[in-house]
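Structure first, commentary second.
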């Protein structure tokens, strides 16, 4: 019994050994292979990669030395990576690999796809030489010969005879290019600007793939007074100044810059004219949609004058500068205004009253004069005269004393106030306060 058990155990071990050898054989790697692995350990000098099999994979020491601290710090044990097999040791227990060259392999594969599809791609110019310009595609450096550049660039050559400065005007620019040659073995990547421009069929095919209402990634190629041109998948589209922002824009450079990468909204596609209309502001919600929830007619708000016309002024809400409304010339001041610039100027801020609000029509109207408090009423002579002549409630005659003669005596008296009753006035006897007048009254009575 014991011998049989031992024999069976020996067979099991042989089977396991064979299976293990088969597994190891299936993981034989050669120079140039790109292998998936897992980081086993990382330090400032060594990066160990577990790729299976009997040997250890070590990132080439020179590559580790050239790594920036932030690149090294980003690598963590347990992280999955792709490595490029450089070489194996003679005893097959160690394998030299490269992280950078593995990443380049994916870029080479991308270049092959671009070559097959003939799809234009925007790439930045990172260097120039006497024969042309150098562009970057991922981690690869591609070359655009001078003969493959558009002729209009030659007009920018201030020193065309000096080979070192021949293409300096292109440095930092973004060019739309087509890949025309890919040879990884010779580290050769050639591109052409002429091919990208001349291929109308390619341009139409790209436009057909785009959809109105979709969002695409693009690069600002040029900024002009009326907007900006954005390269989307190799096709230039117009981003009009009115589509840059919901608020008023006077200079497109305030919003976008050449070389800037950004998302754009596909506004319009014209296949016949090969035109592409783009929008930046439609990526965010239209502020008019929620305006009625925030403001109502009769509200007092702060607004800034942004434009003047012959019929009034346009003002933008301070809290929502995207919203502009009209202040008609008749609502600028309490008095008659001949020219809006006589009473307001661009940049002034006023408290205004919302006198009309139609969010559905994208209209709002303000008034400066109606926002001012009503002046205090001062009684004028005409108003007093009108009040005197107006009828009043009648008073019985017995309640109105006849004091006309007494009032006349009061006006002539100079020493003291004369007080007379109605009976004294009717009898003709008035008591004077001055003694020297008293004898004269006695004489008259006698």
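The values are calculated or read from the model by the stated rules, or taken from the named source; none is laboratory data. Bear in mind the structure is a predicted one, so any value in this text is a computation, not a measurement. Cβ coordinates were reconstructed from backbone atoms using ideal geometry, including for glycine residues, and neighbour counts include every protein chain displayed.
Every listed requirement among (1) in contact (Cβ under 8 Å) with a residue 12 or more places away in the chain; (2) surrounded by fewer than 17 Cβ atoms within 10 Å (Cβ to Cβ) is met by residue 314 save one, (2).
Residues that are modelled with pLDDT under 90 and not in a strand (DSSP E or B) occur in segment 343-360; there is at least one.
Here's the yes/no breakdown for (1) in a strand (DSSP E or B); (2) assigned by TED's automatic domain parsing to the domain that holds residue 149; (3) surrounded by fewer than 13 Cβ atoms within 10 Å (Cβ to Cβ); (4) modelled with pLDDT of 90 or more:
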{"position": "205", "(1), (2), (3), (4)": "no, no, no, no"}
{"position": "211", "(1), (2), (3), (4)": "no, no, yes, yes"}
{"position": "220", "(1), (2), (3), (4)": "yes, no, no, yes"}
{"position": "230", "(1), (2), (3), (4)": "yes, no, no, yes"}
{"position": "239", "(1), (2), (3), (4)": "yes, no, no, yes"}
{"position": "245", "(1), (2), (3), (4)": "no, no, no, yes"}
{"position": "262", "(1), (2), (3), (4)": "yes, no, no, yes"}
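With the structure loaded, tell me whether residue 123 is touching a strand residue (DSSP E or B) at 6+ places or on another chain (Cβ under 6 Å), in a strand (DSSP E or B) and crowded, with 16+ Cβ neighbours inside 10 Å or whether it fails that test. The answer is yes for residue 123. Within segment 40-57, the residues that satisfy the criterion of being touching a strand residue (DSSP E or B) at 6+ places or on another chain (Cβ under 6 Å) and surrounded by 18 or more Cβ atoms within 10 Å (Cβ to Cβ) are 47, 49, 51, 57.
Of the residues making up segment 53-79, just one is assigned to a strand (DSSP E or B) and under 26 Å from residue 136 (Cα atoms), namely 59.
Does residue 25 count as over 47 Å from the mean Cα position of the chain (by Cα) and at pLDDT below 90? Yes; evaluated as a whole, the condition is true for this residue. A residue that is closer than 16 Å to residue 246 by Cβ, in a strand (DSSP E or B) and in contact with a strand residue (DSSP E or B) (Cβ under 6 Å, 6 or more places away or on another chain) can be found somewhere in segment 319-331. Any residue in segment 180-190 that is without any contact (Cβ under 8 Å) to a residue 24 or more places away in the chain and in a loop (DSSP other than H, G, I, E, B)? Yes; the residues of segment 180-190 include at least one that is without any contact (Cβ under 8 Å) to a residue 24 or more places away in the chain and in a loop (DSSP other than H, G, I, E, B).
For segment 338-366, the set of residues classified as free of Cβ contacts under 8 Å to residues at least 60 places away in the same chain, surrounded by fewer than 18 Cβ atoms within 10 Å (Cβ to Cβ) and in contact with a helix residue (DSSP H, G or I) (Cβ under 6 Å, 6 or more places away or on another chain) consists of 351 only. Kindly indicate whether any position in segment 295-310 is surrounded by 18 or more Cβ atoms within 10 Å (Cβ to Cβ) and touching a helix residue (DSSP H, G or I) at 6+ places or on another chain (Cβ under 6 Å). The answer is no; no qualifying residue exists.
Residue-by-condition table, conditions (1) surrounded by fewer than 16 Cβ atoms within 10 Å (Cβ to Cβ); (2) in contact with a helix residue (DSSP H, G or I) (Cβ under 8 Å, 6 or more places away or on another chain):
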{"position": "77", "(1), (2)": "yes, no"}
{"position": "81", "(1), (2)": "no, yes"}
{"position": "84", "(1), (2)": "no, yes"}
{"position": "93", "(1), (2)": "yes, no"}
{"position": "97", "(1), (2)": "no, no"}
{"position": "103", "(1), (2)": "no, no"}
{"position": "106", "(1), (2)": "yes, no"}
{"position": "109", "(1), (2)": "yes, no"}
